[in-house]
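Colleague: Before anything else, here's the structure in question.
Where a number appears in this text, it was derived from the coordinates with a stated rule and is not lab data. Because the structure is predicted, anything quoted here is derived from the model rather than measured. Cβ sites come from the backbone with ideal geometry, for glycine too, and all protein chains shown count toward neighbours.
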Amino acid sequence: MRNNRSERMTDLTELGVAALRDGVASGAFTATEVASAFNAAVEAAQGALNAFIVTTPDAALAAAGKVDAARAAGQPLGKMAGVPIGMKDLFATKGVQTTAASKILEGFVPPYESTVSQKLWDAGAGMLGKLNLDQFAMGSSNETSGFGNVISPWRKGDDTTPLAPGGSSGGSSAAVAARIAPAATGTDTGGSIRQPAAFTGISGIKPTYGRCSRWGVVAFASSLDQAGPMARDVRDCAIMLEAMAGFDPKDSTSLDLAVPAWEAGLNADMRGKKVGIPREYRVDGLDADVAKSWEDGIAWLKDAGAEIVDISLPHTKYALPTYYIIAPAEASSNLARYDGVRYGLRDLPDGANLQEMYAATRAAGFGDEVKRRILIGTYVLSAGFYDAYYTQAQKVRALIAQDFAKAFETVDVILTPTAPSAAFALGQKSTDPVEMYLNDVFSVPASLAGLPAMSVPAGLSRDGLPLGLHVIGRPLDEQGVLNASLALEQRAQFSAKPGKWW
Amino acid sequence: MSVNTADVAKIASLARIKVSEAQLEAMVPELNGILAWVEQLGEVDVTGVTPMTAVIPNTLRLRDDVVNADPLTGGDIRDAVLANAPVAEHGFFGVPKVIE
């Protein structure tokens, strides 16, 4: 009996959002069994992967108990009923430490709940814990966390070199890929959902800017930050995005629009659709494996009935430098709030005055990459340099958005690779900041234009590591993005998963 | 444009981040690397282009002029506001003396 039961518990962790939701609803298993299975998987992996900053097994069980009681009482169940998820530690969770992976917020326990996390709990999801990330979501490898690196569950064959799970949502991607969470929240400022999804062989969508409320999400760059789901497949992302999205009067940039029924609208038939292939994304020295998977993706969408169209996005090469002015500028303003007065760390050297306390607190609490970006942001916003850097960047940003608007007059979606390479080893790119920034070359343009974009697994590199394909859509056309991604997913037949070495 | 040690010290002071001499030395080439790279934006012809202010057209809403319309973001929650303060005394945030 015990063996059967333990096997069944393992099986549960192989299931995704839709299967768990449907199994709980049909009574095939209880939400409590699901939560217990994932709690055990989380605990077993924590020492090796460091995917979570704190785990909350009791919260997962409490949410599951409510779902089981509601089902027993014959009450209607939510969209995510019985599905335990990981919550990126950028979302404020009432009564549970929220750090943005920075020492400056260590010990901060929000007295309120972020809108997105509240919507997920209202939909019947439970919380397995708070997921590790790059500090203040600034990074592409999860190496800037104040709470240690997340280790990707993926390895290059028998080589035990620790690989990056991507960033900034690296805890989220590692947890979903390792089957210790069926899904997780992510946030995406310049690629922080899509690049980690690509690195770990999972799916993730950044919706249109304004779809998901930013209220209660620790701010990095307010004109770019957007929350979204990370899960094993396109359907699971559609389900979870429905639960996360929606108008919120507490976020001034939230869009006052109804949430479409994305799951019900899924349709992989691409006949009559035009897919744009931007020639500027064929960058010099593009990794051969990445180039090949892009060709595969083009063939798959053709097979699904789409017409492939060569397009031009002429300002593509300026997207990264634009981003690395705008994002640090906004970050330097947003992070001014961490002053050692109202919450978080305080460093008060002997005899220090108020200004010295601010400076000492911020020196002690922020990591190197965060400081670097605050300094860049402060510089580009300072008197005498504002127009040359910041205003110029906002103008170029307008041109980048116009490029997309023009392309979408002809095409329905755009297909590109998600990242310029498969996952790299931890430490490999941490010496030169600009080299790390180049990881976001394919994801940043859509962020600057506020467009919905998704990464789905395409296949494996020669080293056996996942590669992602990236679908960009028109503003508010998450359905078009999900559908093209589904067409790719059905043809890629991606079934590889990391061997369990932890 | 490039920055020197004095510039970085000034920026760090504006950003209220204490940096040691050694850290300043290390930051100068890093920041110059980043600035040299973003410099390429200068070559883009932006004549007549309006700087972007919103990615998705949206109008700012005004909240109803009602006291405590949303209890979460309204008043009467002093203790909750102070709960995470490193130093809170007598219902206030505590800071080092600012008036001599």
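Colleague: Can you give the net charge of the other residues whose Cβ lies under 13 Å from the Cβ of A:A319, counting K and R as +1 and D and E as -1?
Modeller: Around A:A319, the surrounding residues sum to -1.
Colleague: Hey, if you put +1 on the Cβ of every Lys and Arg and -1 on every Asp and Glu Cβ in the protein assembly as shown, which of A:L120, A:Y437, B:L14 ends up farthest toward the positive end of that dipole?
Modeller: The residue sitting most towards the positive pole is A:L120.
Colleague: Taking A:K94 as the anchor, which lysines have their alpha carbon closer than 16 Å to its alpha carbon, excluding any fewer than eight residues away along the same chain?
Modeller: Filter leaves A:K119, A:K130.
Colleague: Once you place label points 7 Å from the Cα toward the Cβ at B:A54 and A:A44, how far apart are they in nm?
Modeller: 5.0
Colleague: Write down the Å³ per residue value for the convex hull defined by the alpha carbon atoms of the stretch A:1-138.
Modeller: Cα-based convex hull of the stretch A:1-138, divided per residue, equals 116 Å³.
Colleague: Place a +1 charge on the Cβ of each Lys and Arg in the stretch A:2-244 and a -1 charge on the Cβ of each Asp and Glu, then give the dipole magnitude about the Cα centre in debye, rounded to the nearest 20.
Modeller: Using only the charged Cβ atoms, the result is roughly 300 debye.
Colleague: Expressed in whole Å with the largest first, what are the equivalent ellipsoid semi-axes of chain A derived from the C-alpha gyration tensor as the square root of 5 times each eigenvalue?
Modeller: Ellipsoid semi-axes (Å, largest first): 31, 30, 22.
Colleague: Would you be so kind as to identify which of A:S140, A:A336, A:V176 lies farthest towards the positive end of the dipole of the protein assembly as shown, taking Lys and Arg as +1 and Asp and Glu as -1 on Cβ and the Cα centre as origin?
Modeller: A:V176
Colleague: Once you keep just the Cα pairs under 8 angstrom separated by 6 or more residues, what percentage relative contact order results for chain A?
Modeller: 17
Colleague: Could you give log10 I(q)/I(0) at q = 0.10 Å⁻¹ for the stretch A:115-255, computed by the Debye formula over C-alpha point scatterers of equal weight, without solvent?
Modeller: Taking Cα atoms of the stretch A:115-255 as identical point scatterers yields -0.30.
Colleague: Would you tell me the mean number of C-beta atoms belonging to other protein chains that fall within 10 Å of each C-beta in A:120-133, as a whole number?
Modeller: What the average comes to for A:120-133 is 0.
Colleague: Calculate for the protein assembly as shown the 222 nm mean residue ellipticity that helices alone would give, adding -39,500 (n - 2.57) per DSSP H run of length 4 or more and normalising by residue count, nearest 500 deg cm²/dmol.
Modeller: -11500 deg cm²/dmol
Colleague: Oh, and also: Which of the trypsin sites (Lys or Arg not before Pro) found in the stretch A:111-210 are loop residues per DSSP with 16 or fewer other Cβ atoms within 10 Å of their Cβ?
Modeller: Sites meeting the loop and neighbour criteria: A:K156.
Colleague: Could I ask something else about it? Treating the beta-carbon of each Lys and Arg as +1 and of each Asp and Glu as -1, no other charges, what is the dipole magnitude of the stretch A:122-211 about its Cα centre, to the nearest 20 debye?
Modeller: So the dipole magnitude of the stretch A:122-211 works out to roughly 180 debye.
Colleague: Oh, and also: Under 4 °C and 1.567 mPa s, how fast does chain B diffuse according to Stokes-Einstein, given a Kirkwood radius computed over C-alpha pairs? Answer in µm²/s, whole number.
Modeller: 66
Colleague: A further question on this structure: Relative contact order for the stretch A:2-244: what is it in percent, counting Cα pairs under 8 Å that are at least 6 residues apart?
Modeller: 21 percent.
Colleague: Have a look at the DSSP beta bridges in the protein assembly as shown and tell me what percent are antiparallel, nearest 5.
Modeller: That works out to approximately 70 percent antiparallel.
Colleague: Around A:K79, with a cut-off of 13 angstrom between Cβ atoms, what is the net charge of the other residues, counting Lys and Arg +1 and Asp and Glu -1?
Modeller: Result for the neighbourhood of A:K79: -2.
Colleague: Tell me which aspartates and glutamates have Cα within less than 12 Å of B:K97's Cα, excluding those fewer than 8 residues away on the same chain?
Modeller: Candidates past the 8-residue exclusion: A:E356.
Colleague: Considering only DSSP beta bridges where both residues belong to the stretch A:2-244, give the percentage that are antiparallel (nearest 5).
Modeller: Counting DSSP beta bridges with both partners in the stretch A:2-244, the antiparallel share is about 70 percent.
Colleague: Please get the size of the charge dipole for chain A, origin at its Cα centre, with Cβ charges of +1 on Lys and Arg and -1 on Asp and Glu, quoted in debye to the nearest 20.
Modeller: In total the dipole reaches around 400 debye.
Colleague: Would you mind checking A:K206/A:K395; A:K274/A:K302; A:K88/A:K497; A:K274/A:K317 for any pair whose Cα atoms are more than 19 angstrom apart?
Modeller: Violating the 19 Å Cα-Cα cut-off are A:K206/A:K395; A:K88/A:K497; A:K274/A:K317.
Colleague: Per residue, how big is the convex hull around the C-alpha atoms of the stretch A:2-244? Give it to me in cubic angstrom, could you?
Modeller: Spread over its residues, the Cα hull of the stretch A:2-244 gives 113 Å³ apiece.
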